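The values are calculated or read from the model by the stated rules, or taken from the named source; none is laboratory data. Given the structure is predicted, the values throughout are model-derived calculations rather than measurements. FYI the Cβ positions are ideal-geometry reconstructions off the backbone, even for glycines, and counts take in every protein chain you see.
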Amino acid sequence: MEAKLTASYQAAKELYAIHGIDTDKVLDRLAQVKVSMHCWQGDDVRGFLNRDQELTGGIAVTGNYPGAARTADELRQDLEKAFSLIPGKHKVNLHAIYADTDERVELDQLEPKHFANWVKWAKEHGLGLDFNPTCFSHEKSADGFTLSHPDPQIRQFWIDHCKASRKIGAYFGQELGQTCVTNVWVPDGFKDIPVDRLGPRRRLKESLDEIFAERLDPASHLDAVESKVFGIGSESYVVGSHEFYMGYGLQNNKLICLDAGHFHPTETISGKLSSLALFAEGILLHISRPVRWDSDHVVIMDDELLDIACELVRHDLLAKTHIGLDFFDASINRIAAWVIGMRNTLKALLRAMLEPTELLRQAELAKDYTTRLALLEEFKSYPYGAVWDYYCARQGVPVREAWLDEVKAYEQEVLSVREV
């Protein structure tokens, strides 16, 4: 098999070289890309602080596939299995509710010590960590408002939680030597048409100003803000709209998060990247797959994923873009969901890197649109699969669908014996 992989790769390498594409350099470049894999796929966004709390904030996880992680140790075990099947070294994205502690602690009282086990584990495996305050699934968010809440005491609780989260994120970055992105998303909004649209947004702005008042070292920590067009229970009005956060992020030098499922069902984020890159401090991407709404399906190799990858590569945006995944599917094996989403994201980036970008750009500048279209179409059938297979083998992970056998075996040996 190894000889066949190498022979296929050499043939592909020669073919790409005709157009000046060095596949060896491309694979070295791909190996530098870190994707932040979201922990909440592993346990259906339940976390460990308030596991009995009803999932709220417009978030819905469907399915009851056996084997969801019940403890931090089990979740880390599952993450390790997933990473063993994914090429490259990456990051893990944690929510605050995934604190690993025996102490009974409220969200606004969280400290770095409550995540020390996560840092120890990340160091052992050469992983980075990203972070998110959890502004949902809590009694103080039951009416659908957090940082824009009209009650100053409730609002202060969430402000303090976000402040604590930033300190935890900074701790991650300092300990691991990899910049941690702490992303603020809140579900605040109205089910029906509000009279006052400005008041909640003014309160949200004031809350964010207080949260971000303390300057943290950007080498170890970056802030991001994330919008949404609507959600369950906030169908008519979302306080943190795209316009709100784009304005806030640009004015305050924060990363602006674009989630693939947080826009109109017919709206894509790929076309936004080139505009945002001209003005934003940086970009955070949440790669997801919306089906009719923000349904957070597992990422597949669809046109939008390829378009996102091409925009990042063609415009050299990988250096200022932080890529993470965000989906939760409990209808299939959760580890398989991680592996499928991560491998597809990396594979899309590889395909973009194997494109003759400069040749296409020159054809476009010369108004030779015939050549542009012809090459774009022909390269769709170029042997990127042979390059991907070789990369997986070189990185020591299963080639093609061989990873599925390992997931199935892990399901039988580990997941199937877990009690609900």
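Would you confirm whether any residue within segment 405-412 is closer than 14 Å to Ala336 by Cβ, surrounded by 10 or more Cβ atoms within 10 Å (Cβ to Cβ) and hydrophobic (A, V, I, L, M, F, W, C)?
Within segment 405-412 (the criterion being closer than 14 Å to Ala336 by Cβ, surrounded by 10 or more Cβ atoms within 10 Å (Cβ to Cβ) and hydrophobic (A, V, I, L, M, F, W, C)), the answer is yes, since at least one residue qualifies.
Conditions: (1) surrounded by 18 or more Cβ atoms within 10 Å (Cβ to Cβ); (2) free of Cβ contacts under 8 Å to residues at least 24 places away in the same chain. Asp102 meets all but one. Number of the miss?
The single condition Asp102 does not satisfy is (1).
With respect to Leu208, is the statement that it is closer than 16 Å to Ile159 by Cβ, in the same structural domain as Ile256 (by TED's automatic domain parsing), hydrophobic (A, V, I, L, M, F, W, C) and out of contact with any Pro (no Cβ under 9 Å at 6 or more places or on another chain) true?
yes
Yes or no: segment 396-403 includes at least one residue that is modelled with pLDDT of 95 or more and aromatic (Phe, Trp, Tyr).
yes
Looking only at segment 35-48, which residues are more than 14 Å from the chain's Cα centre (by Cα), within 16 Å of Pro133 (Cβ to Cβ) and at pLDDT 90 or above?
Hit for segment 35-48 is Phe48, nothing else.
Name the residues in segment 237-288 that are hydroxyl-bearing (Ser, Thr, Tyr) and buried (at least 16 other Cβ atoms within 10 Å of the Cβ), would you?
Tyr237, Ser241, Tyr245, Tyr248, Ser270, Ser288 - these are the residues of segment 237-288 that are hydroxyl-bearing (Ser, Thr, Tyr) and buried (at least 16 other Cβ atoms within 10 Å of the Cβ).
State the number of residues belonging to segment 12-25 that are out of contact with any Pro (no Cβ under 8 Å at 6 or more places or on another chain), of a type outside the set (Val, Ile, Thr) and outside any loop (DSSP other than H, G, I, E, B).
Matching residues across segment 12-25 total 6.
Working only within segment 43-93, note down all residues that are buried (at least 16 other Cβ atoms within 10 Å of the Cβ), part of a loop (DSSP other than H, G, I, E, B) and among the acidic types (Asp, Glu).
Asp43, Asp44
Yes/no per residue for (1) within 28 Å of Arg46 (Cβ to Cβ); (2) modelled with pLDDT under 95:
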site: Gly271; (1), (2): no, no
site: Ser288; (1), (2): yes, no
site: Val291; (1), (2): yes, yes
site: Glu304; (1), (2): no, no
site: Ile308; (1), (2): no, no
site: Ile323; (1), (2): yes, no
site: Asp326; (1), (2): yes, no
site: Ile332; (1), (2): yes, no
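Specify the residue that is farthest from Ala31 (Cα to Cα); the eligible residues are those in segment 367-399 that are exposed (fewer than 12 other Cβ atoms within 10 Å of the Cβ) and among the charged types (D, E, K, R).
Result: Lys367.
Closer than 28 Å to Glu80 by Cβ and in the same structural domain as Asn183 (by TED's automatic domain parsing): is that true of Ile323 in this structure?
Yes: the conditions hold for Ile323.
Give the residues of segment 225-236 that are surrounded by fewer than 18 Cβ atoms within 10 Å (Cβ to Cβ) and under 16 Å from Asp196 (Cβ atoms), sorted by residue number.
Correct list: Ser236 only.
Got a sec? Which helices (runs of 4 or more DSSP H) wholly within segment 331-398 have at least 3 residues that are assigned by TED's automatic domain parsing to the domain that holds Ala319, touching a residue at least 12 places away in the same chain (Cβ under 8 Å) and under 22 Å from Arg314 (Cα atoms)?
In segment 331-398, the matching helices (runs of 4 or more DSSP H) lie at 334-353.
Any idea which of (1) part of a helix (DSSP H, G or I); (2) closer than 20 Å to Ala60 by Cα is the one Val299 doesn't satisfy?
(1)
Looking at segment 26-36, which of the residues that are out of contact with any helix residue (DSSP H, G or I) (no Cβ under 9 Å at 6 or more places or on another chain) and either of a type in the set (S, T, N, Q) or assigned to a helix (DSSP H, G or I) (or both) is nearest to Arg343 (Cα to Cα)?
Among them, the one singled out is Ser36.
Among the numbered criteria (1) in contact with a Gly (Cβ under 7 Å, 6 or more places away or on another chain); (2) closer than 27 Å to Gly233 by Cα; (3) not aliphatic (A, V, I, L, M), which one does Lys320 miss?
(2)
Tally time: how many residues in segment 246-269 are over 18 Å from the mean Cα position of the chain (by Cα) and modelled with pLDDT of 95 or more?
Residues meeting the conditions: 8.
How about segment 399-420: which of its residues are part of a loop (DSSP other than H, G, I, E, B) and among the charged types (D, E, K, R)?
Arg400, Glu401, Arg418, Glu419
Please find, among Asp316, Asp329, Asp296, the residue that is at positive phi and either β-branched (Val, Ile, Thr) or within 17 Å of the chain's Cα centre (by Cα) (or both).
Asp296
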